[in-house]
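Below: one structure, written as structure tokens.
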Amino acid sequence: MAYFSASRASRIRNYELFGAVGLEYDSNVPLETQDKNVEAVVGQKADGRVTFNAGGRYSPILNETSTFTLAYDFFQSLHYDLHEFDLQNHRAGAQVAGRVGDFRMGFLGRYDYYLLDFGDFLQEVTGYPYGAYVFPGGQTEVFFRFRYRDFRDADFQIRDAYNFSPGIRQVIE
């Protein structure tokens, strides 16, 4: 029996499926008014929601020095009363990563498509190249995140934007 347990533990799966259901309640939801002339927050109404999340990933290449992974994630929230805040997200992504000696490098690409109250709301594209030097006791990471947000809802198009976030992180273990 110990042999089979050890054998199962040592296998690396090249896929993963997941799912989750959530239940949330808020007794005092502040809401912004749609009236552009009124600045006050109105509402203070109780509401709850059910959330669903499901997805998976598949790695056709997965070995000691390199990986290539495809992923998809679905999210849906359904409010009891405030249906105009029902949110749905479809996220597709791909990641390629490699290792040469003490150096790690890779690229993560992702596309998100959001619906609000089941209407066209937002699409977002993210790119994230990264690299790291691993040494005994830690690693130094360098990364750059690029994101483009395109609000499909005309009321929010003023928030369309390109975001660029370079960074360096030092990890000591």
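The values are calculated or read from the model by the stated rules, or taken from the named source; none is laboratory data. What you are looking at is a predicted structure, and each value in this text was computed from that prediction instead of being measured. All Cβ positions, even for glycine, are placed from backbone atoms using ideal geometry, and neighbour counts span all protein chains on display. SASA here: full protein model, heavy atoms, side chains in, ligands and nucleic acids out. Shrake-Rupley method; radii C 1.70, N 1.55, O 1.52, S 1.80 Å.
Odds and ends about this structure:
- Residues that are modelled with pLDDT of 95 or more and surrounded by fewer than 13 Cβ atoms within 10 Å (Cβ to Cβ), drawn from the stretch 62-77: none
- Given (1) out of contact with any Lys or Arg (no Cβ under 9 Å at 6 or more places or on another chain); (2) in a strand (DSSP E or B), number of the condition TYR72 does not satisfy: (1)
- For the stretch 79-108, a residue qualifies if it is charged (D, E, K, R) and within 16 Å of ALA132 (Cα to Cα), and the qualifying residues are ARG99, ASP102, ARG104.
- Annotation note: Cβ proximity below 6 Å between a residue of the stretch 157-172 that is open to solvent by less than 100 Å² (accessible area, probe 1.4 Å) and a residue that is small (Gly, Ala, Ser) (sequence gap 6+ or interchain) occurs for VAL171/GLY138.
- Some residue of the stretch 110-117 being open to solvent by 60 Å² or more (accessible area, probe 1.4 Å) and within 30 Å of ASN28 (Cβ to Cβ): yes
- Within the stretch 136-173, tally of residues that are of a type in the set (Phe, Trp, Tyr), touching a strand residue (DSSP E or B) at 6+ places or on another chain (Cβ under 7 Å) and modelled with pLDDT under 95: 1
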